[in-house]
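Working notes for the structure below.
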Amino acid sequence: MGYAMSRLETESELCDGGKTIPEAGSSKRASNWLNNLDHEIAQVTKLKSSPHKQLAELVPGMHKSSVSTVKMLVGREANYSARGRFSAADRCHMLSRYLPVNGPWLVDQMSTRAYVSQFSADGSLFVAGFQGSYIRIYNVEKGWKVQKNILAKSLRWTVTDTSLSPDQRHLVYASMSPIVHIVDAGSAETESLANVTEFHDGLDFSSGDGGYSFGIFSVKFSTDGRELVAGSNDDSIYVYDLEQNKLSLRILAHTSDVNTVCFADESGHLIFSGSDDNLCKVWDRRCFIAKGKPAGVLTGHLEGITFIDSHGDGRYFISNGKDQTIKLWDIRKMAPNATSYSGLRNYEWDYRWMDYPYEARDLKHPCDQSVATYKGHSVLRTLIRCYFSPVYSTGQKYIYTGSHDSCVYIYDLVTGELVSLLQHHKSPVRDCSWHPYYPMLVSSSWDGDVVKWEFPGNGEAPVPSTKKRIRRRQFD
């Protein structure tokens with residue numbers, strides 16, 4: 001399927017430690033190391049997707065890690081768990097083996113690049129943002145009918161990010177401007193032309209700095225829908241209070257563009273950020289003793305960070321990096337300050353138009369604080385995104401990402417194996433989204449296609465992989 005198995009590198013070596021752990025040479029060895037690693041993430045993942053011990057038992061004292069669907073159903077009918085139903089872990093054990101790899105089937109096709117694509121929290125809606133000022137909200141439960149066709153206001157370059165409020169009533173969109181616009185996503189009007197058919201209120205993140213202008217790369221709603229957090233190319237993090245309709249916080253957070261931000265969990269107290277200064281930072285809003293000082297810094301990427309996704313527990317997150325890796329982090333390993341190390345890069349490189357240097361592919365940061373590293377995909381030309389797979393159906397046992405080589409990669413979180421490679425697109429896949437409940441994944445690409453992958457499929461013929469299209473050069 002294109003690439004061979006990906007490697008997983010587990011690196012628990014600290015800068016001041018004398019222990020050296022050998023590099024992973026195969027996914028089998030990597031699996032053994034992570035299983036033996038005294039780290040909670042491997043055990044948490046197993047607990048969330050392992051069957052009941054009585055269902056897994058073959059003979060007394062012997063257990064099998066994978067139990068067939070038939071045996072799981074028989075065990076439920078026999079009430080082995082004494083609950084009369086599947087536990088959440090039983091459910092994940094069954095559903096996580098049915099990956100959304102069949103297809104794809106075409107959702108939409110535009111004449112411009114797709115930059116953003118995300119399911120709503122309940123999976124009933126899907127949002128896609130395009131470079132040509134268009135944002136579309138599709139009703140998944142009504143045959144992917146376009147529920148809202150939004151023509152963005154005052155767009156600079158492209159729609160850099162969108163976020164749907166938890167109650168699905170409002171959508172915000174950002175571009176290379178300090179103004180984030182908010183749209184009534186629940187109105188009956190299908191065509192939403194800015195200030196023509198509907199108002200797109202502007203939320204000013206510039207805090208009244210006069211002519212000072214900057215662009216926003218990332219914007220996210222808090223889980224209670226009361227705040228927005230944003231990252232910008234003026235090296236800052238912003239928090240906007242929607243109830244008071246004003247900017248509540250600005251942090252000069254990094255020494256380069258802040259490409260990605262997100263809330264760590266439902267509390268809204270912790271914020272994760274990633275930047276072109278190669279650092280991931282953790283911010284605790286409850287203890288800002290010194291303004292602009294993070295709760296901790298995580299070092300390990302050799303190049304800038306393009307995206308961060310939280311595990312949702314306020315402890316773990318993953319980051320995609322321009323060093324062509326995804327890294328898994330535990331914030332308990334963070335340091336109070338960044339470790340400066342300038343001896344790694346002896347080459348000139350710009351990810352916007354150059355391939356990653358061959359001599360840099362095996363470099364490792366000597367003070368890498370990450371729990372694990374996943375390799376195989378390509379992060380070039382644009383801020384490619386990565387995610388944990390859904391809690392409900394998989395127990396977050398997978399990591400998936402878009403890629404510059406036009407594919408979607410799905411890795412096993414524990415073993416690091418490349419479990420699936422989805423191939424259809426003809427240009428970089430910047431974003432992709434796994435349905436929170438069903439075995440369905442949607443990918444969007446710079447070729448303008450938005451397509452869905454399913455298991456087992458919907459009975460329709462998939463999109464032909466040889467269809468003709470206009471090829472465009474990709475520069476961002």
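The values are calculated or read from the model by the stated rules, or taken from the named source; none is laboratory data. This one's a predicted model, so the numbers in the text were calculated from it and none came from an experiment. Reconstructed Cβ throughout: ideal geometry from the backbone, glycine too, with neighbour counts over all protein chains shown. Each accessible area value is taken on the protein alone, full model and side chains, heavy atoms only, with ligands, DNA and RNA left out. Shrake-Rupley method; radii C 1.70, N 1.55, O 1.52, S 1.80 Å.
At-a-glance table
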read-out	value
Residue check, Gly416 out of contact with any Cys (no Cβ under 9 Å at 6 or more places or on another chain), small (Gly, Ala, Ser) and surrounded by 24 or more Cβ atoms within 10 Å (Cβ to Cβ)	yes
Unmet requirement for Tyr437, which otherwise passes all of (1) touching a residue at least 60 places away in the same chain (Cβ under 8 Å); (2) assigned to a strand (DSSP E or B)	(2)
In the range 89-143, residue surrounded by the fewest Cβ atoms within 10 Å (Cβ to Cβ) [restricted to those that are farther than 30 Å from Ala188 by Cα and in contact with a Lys or Arg (Cβ under 7 Å, 6 or more places away or on another chain)]	Ala89
Neighbours by Cβ (under 6 Å, 6+ apart or cross-chain): first from the range 397-423, over 18 Å from Met94 (Cα atoms) and in contact (Cβ under 8 Å) with a residue 40 or more places away in the chain; second assigned to a strand (DSSP E or B) and among the basic types (Lys, Arg)	Gly402/Arg430
Qualifying residue in the range 393-405 (condition: crowded, with 21+ Cβ neighbours inside 10 Å, at pLDDT 95 or above and of a type in the set (A, V, I, L, M))	yes
Scan of the range 295-327 for residues that are crowded, with 24+ Cβ neighbours inside 10 Å and farther than 23 Å from Tyr409 by Cα, ordered by number	Leu298
So Ser370, is it modelled with pLDDT of 95 or more, open to solvent by less than 10 Å² (accessible area, probe 1.4 Å), at negative phi and part of a loop (DSSP other than H, G, I, E, B)	yes
Sole residue being surrounded by fewer than 20 Cβ atoms within 10 Å (Cβ to Cβ) and assigned to a strand (DSSP E or B), chosen from Ser192, Ser248, Ser267	Ser248
Filter result for Lys153 (open to solvent by 40 Å² or more (accessible area, probe 1.4 Å) and either in contact with a Pro (Cβ under 6 Å, 6 or more places away or on another chain) or assigned to a loop (DSSP other than H, G, I, E, B) (or both))	yes
Residue match in the range 230-245 (condition: out of contact with any Leu (no Cβ under 7 Å at 6 or more places or on another chain), surrounded by fewer than 19 Cβ atoms within 10 Å (Cβ to Cβ) and outside any loop (DSSP other than H, G, I, E, B))	yes
Test: residue in the range 135-145 that is under 23 Å from the mean Cα position of the chain (by Cα), at pLDDT 95 or above, aliphatic (A, V, I, L, M) and not in a strand (DSSP E or B)	yes
